[in-house]
1. Tell me, what ³J(HN,Hα) does each residue in the stretch A:235-252 have, in order and in whole Hz, if you take phi through Karplus 6.51 cos²θ - 1.76 cosθ + 1.60 with θ = phi - 60° and put x for Gly and Pro?
2. Could you give me the ³J(HN,Hα) list for the stretch A:66-79, computed from phi with Karplus coefficients 6.51, -1.76, 1.60 and θ = phi - 60°, whole Hz, x at Gly and Pro?
3. Given the pairs A:77/A:153; A:218/A:530; A:388/A:444; A:340/A:445; A:297/A:459; A:173/A:198, which span a C-alpha to C-alpha distance of over 19 angstrom in this model?
4. Among all the aspartates and glutamates, which ones have a C-alpha under 16 Å from residue A:122's C-alpha, if same-chain residues fewer than 8 places away are not counted?
5. How would you rank A:112, A:81, going from fewest to most other Cβ atoms within 10 Å of each one's own Cβ?
6. What list do you get for B:40, A:202, B:226 if you sort them by fewest beta carbons within 10 Å?
7. Averaged over its residues, how many other protein chain Cβ atoms are within 10 Å of peptide B:219-230's Cβ atoms?
8. Using every pair of alpha-carbon atoms in the protein assembly as shown, split the distances into 20 Å bins beginning at 0 and state the percent of pairs per bin, rounded to integers.
Amino acid sequence: MKRILSRVAALTLSLGALSVGGVALAEAPTPQYGGVLSAILNPEPPNLNVALQQVAVTQLVAGKVYESLLTYSFDLKPQPSLAKSWEVSPDQLTYTFHLQPNVSWHDGKPFSADDVVFTYTKVLANTPRTRTLMANVESVTAPDPQTVVFRLKQPYSAFLHAFDIGGGAILPKHLYDVDTPITQNPHNNAPVGTGPFKFKHWERGSYIELVKNPAYWKEGRPYLDGITYRVIPDAASRRLALEQGAVQQAWLQDIEPIDQQRLAKLPHIGETKKGYEYWSTMLWIELNGGREPFSDKRFRQALMYGLNRDFIAEKIMYGTGTVATGPIHHNTRFYDANVKRYPYDPKKAIALLDEMGLKPDKDGVRARVGLIPSPYGEMSRRTAEYIKQNLGKIGVQVTIENADVGGWTTRMGNWDFDMAYNGVFQYGDPAIGVSRTYVSSNIKKGLPFTNTSQYSNPKVDELFNAAAQAPTEEERQKLYTEVQQILVEDVPLLWIADTNYSVFHNKRLHNVVTTGLGVVDTQSDAWLSKE
Amino acid sequence: MKDFLHAFCRHKGGVAGVIVIIAVAGLALAANWIFPHDPWEIVNAPFMPPMTDDTLLGTDTLGRDIGAGIAYGARLTLLLAAVSTAVSILFGVSVGAISGFYGGRVDQAVVGFIELFQTIPSFFLAVVLVAILTPSMTTVIFAIAVVSWPPLARLVRAEFMSLKNREFVQAAMLAGQSNARIILTQILPNSLSPVIVSGSLMVASAILLESALSFLGLGDPNAMTWGYIIGASRSVLRDAWWMSVFPGVAILLTVLSLNLIGEALNDALNPKLARKRTT
C-alpha cells in the first residue's frame, strides 16, 4: 500500500513538474550541464602536486586535475579510472592494467603507458606514501601504449587497494622528466593532468579556479563548467557561506561539529556520511613508548580506562566520531569488533597505577606528562582539555603544549613528546594504512606518521607481514583478527574515535559523492540544478 | 599625601574605577571559596544558559562553569598584567633613565634601539614572539613586556633630560654624589608621577594584549584566562552568547576602570594640568 502511495505521489509530482513546463522526473532528475561549483577549501594547500603532498586539501583540488589508475566503491572494491580493466596472474605476481583510450593531457599532448611507468618508477617510488607499495614491485613496464604491467617480488594482497589519487596520481612525463628537481617543478602549483577539470588560476589566500576540460575522455562529462575552491579560514564564515549558498560544498572539519546538527536541519542543505570509506581516519593519542612511564603496558592500559571516550565522541565530536575499539576503523577492511574493551573505569585505572608502584605525592599526582593537541581546529583543543581533566582524576597531571603544524609534526617525528593528538588515514586496507603505525620496521626517527610510539612486538610484525602476503581474504581476516587482539591488549596508543565525517552540500548540487573517495574523486558526475 | 587623596577623590570616575578594581581583585582572591572546584572541571551539562540549575553565568561547550572561569581568570589575568607591566616598567625606566641622564652617543644608540621596537606593530611582534617561543605564562609575559616598554622609556628619557639641568641635580653633582645615586635618589623620585600614570594604563593594555593573544589561541593552553574563554566560545557565539559576553564584560569593566584610575591619577599628580582642563 505504502509503495502504491509513493508511486502515486511520484506520479503527481512528475506530472506537476511536467505541467510547469519542465522535463524533470521526480525521483531521478536528469543531470543538467553548466554552472560553477563553489566549494570550501580549508586550510589552503601547500602545493597541488598530489604525488608529493598528501594533505587532504591537496587531494581535494588535485583529485579533479590528476587521475590515478583506479578508484574505489563505497565497499572499497577497485573501480576503473585511467585503467579501463585489469588482470591478475594466478600466482598473484603480475598485474596488467589496460588504459582508457583517447586520453590526452590538458596541454594537448597524448597520454600513454609511458607516463604511468615514469610516474611509478621515477616519482612515486620515492614518496613516503607509495614507497612501501613499490618495495614489493620488481618492475613496471609498458609493452604497448595502452598497457602497463607491474611485476611483483612477492605476493602483496593489498596491491589493488593502493591506486587511489593520493597514492597513485599519474604525472605527465613530458613535463616532469626534466633536470629541475621535482620539488621545484613549476607545474606543482599549476598542475597539468588528465582529469575532468583544468587548472586555471590560484590566487593565494583567496581561491583556486578550475575550469571544465572539454576534451575529457569520459563521454559527456563533466557536467559542471568549473569548480572554484574558496579559502575560508574562519569557521563561522564557512558555516555562513554554506548557509547562504555562497558555497555549495563542505567536508571533513570545514563545519565545526557543534554546528553540524543545526546546519543539517536547514531545508536547502543536504548531508551524507558516505565518501570517507577509503580514508576512514582514526583519531588517537600517540604515546611515547620510549619514555617512562609509557613503556609500561599497565600505565597505558590505565590511561585507556581513565579516559571517558564516550563523552569525547558525544559531547565534543557531536557524533562525528564513534568510540574506537582498536587499531582498525570499523569502515576499513578486516575490522574485528571482537577485542578487549576499555570502558571508562577510573577505579581500575587507579588499581593499575597502584600495582605499578606509582603512588600519589602530596598534591595527589602520580605522574606528570605533556600532551600536544593537533593544530587543526577547536575540537582537538577541547579534547586535549577534557583529557587533562579526565586523567587528573586518576592522578596523571597533563600539561597541554600547543604547537603549530610544523612543531607538531617535527616533535612527533623526533619523539620529542609524551602524548600527542593524531589522526591518520587508513587507505582502505590495513596493509597500507594500519600496519605502518605498529610494525617495528617503521620505527624511523625524524619521520612523522611512522611508528612514532616506538612500539615493537615481533609477533605483531610477523602477523602484519603474513597478512600482507596471504593469498585469500579468509586467511588475511584470521591474521588481522589476531593482530587486533594483541594490539588492543598492549595499547601502544590510545584510540579515541573512528571518525564519521559528513559532506554537507547545497541541495542544488547533485551526485556530490559517488565513490569511497568522496569529494576527492573527480566529481565528473556532479551537477548543479538551476536556482 | 592628603592633598593627593583629596585631588583623586574629586575625580568620580577614578573612585568608581578603584572600587571596580578592588571588587575584581577580591573576586580573584576569593575564587577558591566561591568556586571550590577547578575552573576546568566539568560541573554541569554543556550549553546551560545563565541562571539555570545553580550555574549563575551558565556553562561552556564542555559544561565548565563560566562563573568559575571568570573568577579564576581574574586571578591569572590580573597577575599576568601586573607582572608584565612591572617587567616593562623596570626595563623601560632603566633604559630611559640611562639614555636621558647620559645623553650624547648613549642617548643616540638607545633612541635608535627604542625606535626599532616602535616601528614594528606591537601586536604582531607579540604574536610572533609567542608563536616562536611556544605559548606559556612566561613567554606571554615576556612578549607583552617586550612590546610595551618603549613608550615608557621615551617618557622617562624626556623627564630625565629636563630634570638633569635643574638646580637640585646640579647641587647633588657638586656635592660629589655618584651618578647612580643621583639617578636613583634625586631624579627618579621626581619623575615618578608620569610613570605611575602610564603604568596604570599599561596594566590595562596588557590585559587587552593578553586577551587578544588567548583569543587567537596563543595564550598558555593550561591557563583559563578571560581571553581564552572568549576565544574558545567564539565559534558558538550565535548559539550561546553568555560564553563570550560575560568574560567580555569582565575585560571591559577592568580595562575601563584602569583607564579611569589612570586619568584620575594624572589629574591628581599634575594639578596644574588638571586645573587647566577644568577651567
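1. Working through the residues one at a time gives 4, 5, 5, 5, 4, 5, 4, 6, 4, 8, x, 5, 10, 10, 8, 9, 9, 6 Hz.
2. Working through the residues one at a time gives 8, 9, 10, 5, 10, 9, 10, 6, 4, 8, 6, 8, x, 10 Hz.
3. Those over the limit are A:77/A:153; A:218/A:530; A:388/A:444; A:340/A:445.
4. Within the straight-line limit of under 16 Å, residue A:122 reaches these aspartates and glutamates: A:114, A:138, A:177, A:179.
5. Ranking A:112, A:81 by Cβ neighbours within 10 Å, fewest first, gives A:112, A:81.
6. If I rank by nearby Cβ atoms, fewest first, I get B:40, A:202, B:226.
7. Partner-chain Cβ atoms within 10 Å, mean over residues of B:219-230: 2.
8. Histogramming the protein assembly as shown at 20 Å steps yields 13, 38, 31, 14, 3, 0 percent.
Read-outs: derived from the displayed coordinates by stated rules, not from any lab. Keep in mind it's a predicted model, so treat the numbers as computed, not measured. Note that each Cβ is placed from the backbone with ideal geometry, even for glycine, and that neighbours are counted across all protein chains shown.
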